[in-house]
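Peer 1: Sharing a structure, written as structure tokens. Questions coming.
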Amino acid sequence: MTNQTGTAKLSFGDKELELPMYSPSVGPDVIDISKLYAQGDVFTFDPGFTSTAACDSTITFIDGEEGVLLHRGYPIDQLASKSHFLEVCYLLLYGALPTAAELEDFEFRVTRHTMLHEQMIKFYSGFRRDAHPMAIMVGVVGAMSAFYHDSTDIADPWQREVASIRMIAKMPTIAAMAYKYTVGQPFVYPRNDLDYASNFLHMCFSVPAENYEVNPILSRAMDRIFTLHADHEQNASTSTVRLAGSSGANPFACIAAGIACLWGPAHGGANQACLEMLKEIGTVDRIPEYIARAKDKDDPFRLMGFGHRVYKNFDPRAKVMKQSADEVLDLLGIENNPLLQVAKELERQALEDPYFAEKKLFPNVDFYSGIILEAMGFPTAMFTPIFALARTVGWISQWKEMLADPKQKIGRPRQLYVGETQRDYVDVENR
Ligand code: ACO
């Protein structure tokens with residue numbers, strides 16, 4: 001923790017408290033309320049953690065007002081255009097860009113862990129064929145703790161490291177197999193001569209009956225999608241991983257918890273929901289009807305892929321994703337794709353609408369990622385598993401940071417209890 005840089009005064013009733021304040025390297029100051037209950041006999045109340053920092057961190061910084069996203073200080077647009085996913089993984093995990101030798105060693109280690117324990121593969125057949133691949137991901141990743149007993153001791157730094165590499169390496173295999181299972185095709189084993197993104201495309205789209213050549217432009221677009229999703233500081237799924245990890249749970253169980261949280265449509269599930277919405281809108285002439293619905297207080301409909309808890313400006317990831325969508329659709333010769341036309345027109349009309357301007361609702365990363373993934377041939381149900389695959393490194397980096405933090409303790413929020421006060425039990429015959 002940085003040194004105390006100020007003091008906040010809090011007075012309520014007959015109490016006056018002085019609370020320490022800290023300044024971050026960049027971003028708003030924080031008021032330390034950790035002794036508030038002990039000193040003032042009160043809790044703070046912040047449902048949804050809109051004003052609460054739950055930890056200090058050196059991994060990712062977001063300035064939501066300015067639309068800035070930095071990983072270890074490097075802007076996301078530079079990483080998306082100049083770096084690649086495994087290098088960004090190294091950066092997130094270890095704090096600095098690797099030298100050429102360090103990168104080679106890291107890529108070697110990840111590549112050598114891509115296969116799944118053969119018995120784990122049998123696990124898949126226990127799922128229904130129509131299972132959502134996220135359901136399979138939650139189950140299979142959680143089940144890793146039953147297969148890799150030599151990397152579940154969180155007190156051992158070597159085991160933490162092996163678990164981290166294993167999950168980054170195996171997640172593409174797990175996600176690709178989840179896909180293959182739901183479409184009834186044979187599992188495709190990883191190929192270690194391919195780069196990370198190409199190998200994932202190979203495991204998803206090759207079949208034993210014919211040769212599959214990975215298109216380098218699609219592989220680059222896939223890698224960019226992974227890079228853009230790699231980490232996003234203390235979002236819901238990352239906070240879930242930290243909370244699960246704070247009890248000392250093993251790393252595979254913690255990441256499974258993160259995947260479960262990511263699944264929801266307000267978080268990672270938004271990419272699937274966004275594409276389904278674009279399909280439902282279908283044609284440009286129907287856009288005003290959907291914008292009107294999104295603005296209607298009595299209609300629960302929201303424009304999926306719009307709005308963000310932190311970004312009150314363009315999501316910097318969405319800018320890169322939009323450019324990538326143009327490139328991929330151009331390559332595939334489907335730049336007149338009706339979904340893209342609807343997406344572009346919807347974006348234009350929403351950004352001109354005072355409702356979205358006043359509430360600072362801009363397209364987020366999910367608005368364009370689904371269009372790229374659909375053009376590549378992924379079904380909508382695979383969008384969130386791909387997000388989970390990419391975010392695994394962020395979850396692990398945050399989990400490792402938490403375990404190394406001397407202030408770390410079990411996460412245990414308090415509550416504003418508004419239920420019944422104590423009352424006596426009444427026997428069933430007397431109720
Ligand atoms: N469409 C229409 N109105 C919206 C939208 C939207 N997409 N998002 C927010 N609003 C409105 C709300 O109705 C609310 O209006 P009010 O103040 O009049 O009640 C106001 O904007 C603020 O919305 P909140 O829900 O309070 O904002 P919050 O920060 O809690 O939610 C969230 C952020 C969940 C992302 C929200 O914008 C949303 O539901 N968006 C659609 C789903 C989505 O795209 N999620 C992906 C997020 S990015 C990610 O996880 C990778």
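Peer 1: Condition first: more than 16 Å from the ligand (Cβ to nearest atom) and of a type in the set (Val, Ile, Thr). Now tell me which residues in segment 41-67 satisfy that.
Peer 2: VAL42, THR44, THR58, ILE59
Peer 1: Tally up the residues in segment 314-332 that are within 14 Å of the ligand (Cβ to nearest atom) and either assigned to a loop (DSSP other than H, G, I, E, B) or of a type in the set (Lys, Arg) (or both), please.
Peer 2: Total meeting the criteria: 3.
Peer 1: Which one is nearest to the ligand (Cβ to nearest atom), of the residues in segment 268-280 that are crowded, with 17+ Cβ neighbours inside 10 Å and in a helix (DSSP H, G or I)?
Peer 2: Only one residue fits best here, namely ALA270.
Peer 1: It is to be established whether one or more residues within segment 242-253 are without any contact (Cβ under 8 Å) to a residue 60 or more places away in the chain, in a helix (DSSP H, G or I) and buried (at least 20 other Cβ atoms within 10 Å of the Cβ).
Peer 2: There is at least one residue in segment 242-253 that is without any contact (Cβ under 8 Å) to a residue 60 or more places away in the chain, in a helix (DSSP H, G or I) and buried (at least 20 other Cβ atoms within 10 Å of the Cβ).
Peer 1: Which one of THR7, THR52, THR44 is outside any loop (DSSP other than H, G, I, E, B), polar (S, T, N, Q) and surrounded by 11 or more Cβ atoms within 10 Å (Cβ to Cβ)?
Peer 2: Exactly one residue qualifies, and that residue is THR7.
Peer 1: Please verify whether TYR311 is crowded, with 23+ Cβ neighbours inside 10 Å and within 10 Å of the ligand (Cβ to nearest atom), treating the condition exactly as stated.
Peer 2: yes
Peer 1: When you scan segment 200-218, how many residues do you find that are loosely packed, with under 11 Cβ neighbours inside 10 Å and touching a residue at least 24 places away in the same chain (Cβ under 8 Å)?
Peer 2: 0
Peer 1: Tell me which residues, restricted to segment 294-308, are farther than 13 Å from PHE356 by Cβ and within 9 Å of the ligand (Cβ to nearest atom).
Peer 2: Those that are farther than 13 Å from PHE356 by Cβ and within 9 Å of the ligand (Cβ to nearest atom): LYS297, PHE301, MET304.
Peer 1: So PRO265 fits all but one of (1) modelled with pLDDT of 95 or more; (2) within 16 Å of the ligand (Cβ to nearest atom); (3) not hydrophobic (A, V, I, L, M, F, W, C); what number is the exception?
Peer 2: Failing condition for PRO265: (1).
Peer 1: In addition: Given the conditions (1) touching a Pro at 6+ places or on another chain (Cβ under 7 Å); (2) loosely packed, with under 13 Cβ neighbours inside 10 Å, which single one is not true for LYS407?
Peer 2: Only one criterion is unmet by LYS407, namely (1).
Peer 1: Next up: Can THR283 be described as within 30 Å of GLN159 (Cα to Cα) and either away from the ligand (no atom under 14 Å from the Cβ) or without any contact (Cβ under 8 Å) to a residue 60 or more places away in the chain (or both)?
Peer 2: Considered against the rule, which asks whether it is within 30 Å of GLN159 (Cα to Cα) and either away from the ligand (no atom under 14 Å from the Cβ) or without any contact (Cβ under 8 Å) to a residue 60 or more places away in the chain (or both), THR283 comes out as no.
Peer 1: Among the residues of segment 99-111, is any surrounded by 13 or more Cβ atoms within 10 Å (Cβ to Cβ) and outside any helix (DSSP H, G or I)?
Peer 2: No - not one qualifying residue is present in segment 99-111.
Peer 1: Considering only segment 333-431, give the helices (runs of 4 or more DSSP H) lying wholly within it that have at least 3 residues that are away from the ligand (no atom under 16 Å from the Cβ) and touching a residue at least 12 places away in the same chain (Cβ under 8 Å).
Peer 2: 338-352, 366-376, 383-404
Peer 1: I've got another one for you. Quick test of your reading of the structure: PRO288 fulfils all but one of (1) farther than 30 Å from PHE49 by Cβ; (2) in a helix (DSSP H, G or I); (3) away from the ligand (no atom under 14 Å from the Cβ); (4) without any contact (Cβ under 8 Å) to a residue 60 or more places away in the chain. Name the failing condition by number.
Peer 2: Result: PRO288 fails condition (4) only.
The values are calculated or read from the model by the stated rules, or taken from the named source; none is laboratory data. Because the structure is predicted, anything quoted here is derived from the model rather than measured. Neighbour counts run over all protein chains shown; Cβ positions are idealised from the backbone, glycine included.
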